[in-house]
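Novice: First the structure, then my questions, so here it is.
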């Protein structure tokens, strides 16, 4: 179709970029003039143009908060689109396409589907192509992937090259999700080829340039993406230019060129694209915040308007609150955190509510407000929120001790997190059948965290309590009424004994595999303890994500934990009888055994040993120290709390129970990170997920007696290598089919451990 017609198809029912609540009086005058023109369009003379105008007016009313007027104008648009004469088959098809888009934007997906399905190629091939593209996206949203593929495959290149290319992009992503990599690559190649052909005919087609850059980026040809985006001109299409600049900034920042990032983000104007402008300003604020140019950060965040991008606004408000709070302006922090709404961004909302709870909790008169805020944060921050809620339920004069206990426990947990520079790869021993299921290209299963109640170790979660009992702490600290899920890893990638013990097929020793994960599989943040995984987006959230179709997520991260990833903690090995303890860590041998460290092994080991020594000092200080004059270590605090003459013993039974519940919950993560010294050889580390029993992410079946949660991150992209035990060596070629690509060095290794198979 023509460039003009193409723009018409892509605009759909979006609000024109001039329809904003901008403070600039000149822009407001422009809006007023345009509104006057729109009101003059006659419905009888041109029902399609009238409908287009009503859509824009309705969107404006919606942004201004006038929902009643928005509904009225949108209904007029629906009626007008239906009045386009059927005798004009081309115009009618376009009107039906736009009617479907309007239904979709209003959340009426069934109506949208029915309208788009009725558009025929014979009436208007271009409208048919765009309708099939949207129809496929809608089927994908409804998890009807076969219908989605069918709709996208219905589009022919002759219908519309751009829609054809867009469909192949979507097909590629669907194939990629289904682990059909060859089909995905072919689809993406076809999309790139078609975009290039469109640009040969129309070198100034900015949206196709933008999309081509996107596709190069998705196939990890970053330099080509950058080259294409740098060629997009504002004069060709301001919106495409704005989004190209947003994405260029993400690339520059990733490559460490922050000044270039700032330069391109500052080139994005609100009149180009309101949403791109919001993303660019958020990103500028994040850069200024990183380099501690806080006034500039505040200025940038304030330029992000809710009507421009609700998610960017929510995250900008969260970051603003963080800056204000850091400057001692609690009231200003409170004001902006209250502006973060759950429907705008559930994660930012949870963090804002948690921080509001922290502020309210400092005021004795706002305890109930604090509790309400913490409850609002539980979906994303269960452990952190529930911990404080339990403290607030305790007698007021006792809370400070519990806050100190929580703070020191957190410091201790931070010291147990892995060292990314030296412990970036850990192994998980598993059965061959499970490994194949995880790595399957077509139907991969999710990595599971299993319930703590299903482990084989009879001392699981009890070792620390046994130790404290020996120290004279008679109260039972063990908590067993909270759902905790774990998965275990080890620093030993190729261990004879672990091959004997774990991953057995049919109970036979040394038949398992060792999956070596890279550090990107885990959270790298060294902040608080592990939080729940992000909820699966609901249909509305998926719809919004589909509508945007932009590569902007790299600039939208909050300076908080990666909610979909879990932190990795090393275990403490303790002899409860003698009090001797040691930390899980890499053996010296592993530095000499790893090829990439050959030649620098001695130096690296010495550096690593120094870091481990620092962690040991921290564990000694915050957990075990018996020489702590300030009674700040966890053990010394517990000993003091439960001492004969301590105030704890002066409370009634109900108050004691609340205090005990709070202490148990605070110490819960430690409970499952301290193992008996007998297991020291395993050098184990763990990810943990603590939640309530009604968490919708819990899979359970009482008949099969299993309970687990699924890890969101896919396994295959994060496998560094795989070791096959002697009994599983026969499967090496099957694993190589799954893991080895593009002529790279094979990721599959056969264990060279001396093991005699007793078959």
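The values are calculated or read from the model by the stated rules, or taken from the named source; none is laboratory data. Computed from a prediction, not measured in an experiment: that's the story for all the values here. Methodologically, a virtual Cβ is constructed for each residue, glycine included, from the backbone with ideal geometry; neighbour enumeration extends over all protein chains shown.
The rows are residues; the columns are (1) assigned to a helix (DSSP H, G or I); (2) within 20 Å of residue 96 (Cβ to Cβ); (3) modelled with pLDDT of 90 or more.
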| site | (1), (2), (3) |
| --- | --- |
| 123 | no, yes, no |
| 134 | yes, yes, yes |
| 149 | yes, no, yes |
| 152 | yes, yes, yes |
| 158 | no, no, yes |
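Novice: Still on this structure, please answer the following. Give 82, 40, 30, 54 a once-over and let me know the one that is at pLDDT below 65 and either out of contact with any strand residue (DSSP E or B) (no Cβ under 9 Å at 6 or more places or on another chain) or within 26 Å of residue 205 (Cα to Cα) (or both). Don't jump to the end; show me each part of the working.
Specialist: Details: 82 fails: at pLDDT below 65; 40 fails: at pLDDT below 65; 54 fails: at pLDDT below 65.
None of the others qualify; the one that does is 30.
Novice: Kindly provide the set of residues from region 448-462 that are modelled with pLDDT of 80 or more and over 20 Å from residue 669 (Cβ atoms), ordered by number.
Specialist: Once the filter is applied, which keeps residues that are modelled with pLDDT of 80 or more and over 20 Å from residue 669 (Cβ atoms), region 448-462 yields only 458.
Novice: Return yes when residue 464 is in the same structural domain as residue 710 (by TED's automatic domain parsing), over 17 Å from residue 682 (Cα atoms), crowded, with 20+ Cβ neighbours inside 10 Å and touching a residue at least 60 places away in the same chain (Cβ under 8 Å) and no when it is not. Before the answer, list the steps.
Specialist: Numbers: in the same structural domain as residue 710 (by TED's automatic domain parsing): yes; over 17 Å from residue 682 (Cα atoms): yes; crowded, with 20+ Cβ neighbours inside 10 Å: yes; touching a residue at least 60 places away in the same chain (Cβ under 8 Å): yes.
Yes.
Novice: Checking residue 421 against (1) without any contact (Cβ under 8 Å) to a residue 24 or more places away in the chain; (2) over 26 Å from residue 615 (Cβ atoms), which single condition isn't satisfied?
Specialist: (2)
Novice: If you check 330, 339, 303, 334, which single one turns out to be touching a helix residue (DSSP H, G or I) at 6+ places or on another chain (Cβ under 7 Å) and more than 22 Å from residue 376 (Cα to Cα)? Give the derivation first.
Specialist: On the way: 330 fails: more than 22 Å from residue 376 (Cα to Cα); 339 fails: more than 22 Å from residue 376 (Cα to Cα); 334 fails: more than 22 Å from residue 376 (Cα to Cα).
It is 303.
Novice: I'd like the full set of residues that are surrounded by fewer than 22 Cβ atoms within 10 Å (Cβ to Cβ) and in a helix (DSSP H, G or I), limited to region 275-310.
Specialist: Across region 275-310, the qualifying residues are 287, 288, 289, 290, 294, 295, 296, 298, 299, 302, 310.
Novice: Within the group 200, 143, 162, which residue is part of a helix (DSSP H, G or I) and either closer than 30 Å to residue 443 by Cα or in contact with a helix residue (DSSP H, G or I) (Cβ under 7 Å, 6 or more places away or on another chain) (or both)?
Specialist: Numbers: 200 fails: either closer than 30 Å to residue 443 by Cα or in contact with a helix residue (DSSP H, G or I) (Cβ under 7 Å, 6 or more places away or on another chain) (or both); 143 fails: part of a helix (DSSP H, G or I).
The conditions single out 162.
Novice: Which of the residues that make up region 637-661 are farther than 18 Å from residue 461 by Cβ and touching a residue at least 40 places away in the same chain (Cβ under 8 Å)? Explain how you work it out, then say what you get.
Specialist: Initial filter on region 637-661 (farther than 18 Å from residue 461 by Cβ): 637, 639-659.
The answer is 637, 639, 641, 642, 647, 648, 651, 655, 658, 659.
Novice: Within region 421-431, does at least one residue satisfy the condition of being in a helix (DSSP H, G or I), within 20 Å of residue 571 (Cα to Cα) and touching a strand residue (DSSP E or B) at 6+ places or on another chain (Cβ under 8 Å)? It would help to see each step written out before you state the result.
Specialist: Looking only at region 421-431, we keep the residues that are in a helix (DSSP H, G or I), and these are none.
Scanning region 421-431 turns up no residue that is in a helix (DSSP H, G or I), within 20 Å of residue 571 (Cα to Cα) and touching a strand residue (DSSP E or B) at 6+ places or on another chain (Cβ under 8 Å).
Novice: Just the residues that are under 19 Å from residue 51 (Cβ atoms), touching a helix residue (DSSP H, G or I) at 6+ places or on another chain (Cβ under 7 Å) and assigned to a helix (DSSP H, G or I), please, taken from region 102-121.
Specialist: Within region 102-121, 102, 103, 104, 111, 112, 115, 116 meet the criteria.
Novice: Select from region 730-759 the residues that are modelled with pLDDT of 90 or more and more than 26 Å from residue 520 (Cβ to Cβ) and write down the one among them that is surrounded by the fewest Cβ atoms within 10 Å (Cβ to Cβ).
Specialist: Step by step, filter region 730-759, then rank; the result is 733.
Novice: Does any residue of region 82-94 turn out to be in contact (Cβ under 8 Å) with a residue 40 or more places away in the chain, in the same structural domain as residue 57 (by TED's automatic domain parsing), in a helix (DSSP H, G or I) and within 17 Å of residue 129 (Cα to Cα)? It would help to see each step written out before you state the result.
Specialist: Within region 82-94, the subset in contact (Cβ under 8 Å) with a residue 40 or more places away in the chain is 83, 91, 94.
Subsequent filtering for residues that are in the same structural domain as residue 57 (by TED's automatic domain parsing) retains 83, 91, 94.
Those still in the list that are in a helix (DSSP H, G or I) too: 91, 94.
Next, only the ones that are within 17 Å of residue 129 (Cα to Cα) stay: 91, 94.
Yes - at least one qualifying residue is present in region 82-94.
Novice: Check whether at least one residue in region 241-251 is in contact with a helix residue (DSSP H, G or I) (Cβ under 6 Å, 6 or more places away or on another chain), closer than 30 Å to residue 322 by Cα and surrounded by fewer than 16 Cβ atoms within 10 Å (Cβ to Cβ), and report yes or no.
Specialist: No, every residue in region 241-251 fails to be in contact with a helix residue (DSSP H, G or I) (Cβ under 6 Å, 6 or more places away or on another chain), closer than 30 Å to residue 322 by Cα and surrounded by fewer than 16 Cβ atoms within 10 Å (Cβ to Cβ).
Novice: So, residue 438, is that one buried (at least 18 other Cβ atoms within 10 Å of the Cβ), modelled with pLDDT of 90 or more and more than 24 Å from residue 361 (Cα to Cα) or not?
Specialist: Numbers: buried (at least 18 other Cβ atoms within 10 Å of the Cβ): yes; modelled with pLDDT of 90 or more: yes; more than 24 Å from residue 361 (Cα to Cα): yes.
The answer is yes for residue 438.
Novice: Here is a follow-up. Tally the residues that are over 14 Å from residue 355 (Cβ atoms) and assigned to a helix (DSSP H, G or I), restricting the search to region 376-395.
Specialist: Of all residues in region 376-395, those over 14 Å from residue 355 (Cβ atoms) come to 378-379, 382-383, 386-387, 389-395.
Within this subset, residues satisfying the condition of being assigned to a helix (DSSP H, G or I) are 382-383, 386-387, 389-392.
Matching residues across region 376-395 total 8.
Novice: Taking the residues in region 499-519 that are farther than 14 Å from residue 722 by Cβ and in a helix (DSSP H, G or I) as candidates, determine which candidate is nearest to the chain's Cα centre (by Cα).
Specialist: 519
Novice: Restricting to region 348-381, count the residues that are at pLDDT 90 or above and within 26 Å of the chain's Cα centre (by Cα).
Specialist: Result for region 348-381: 17.
Novice: Considering each residue of region 697-729, count those that are over 26 Å from the mean Cα position of the chain (by Cα), surrounded by 18 or more Cβ atoms within 10 Å (Cβ to Cβ) and either under 27 Å from residue 380 (Cβ atoms) or outside the structural domain of residue 446 (by TED's automatic domain parsing) (or both), and give that number.
Specialist: 0
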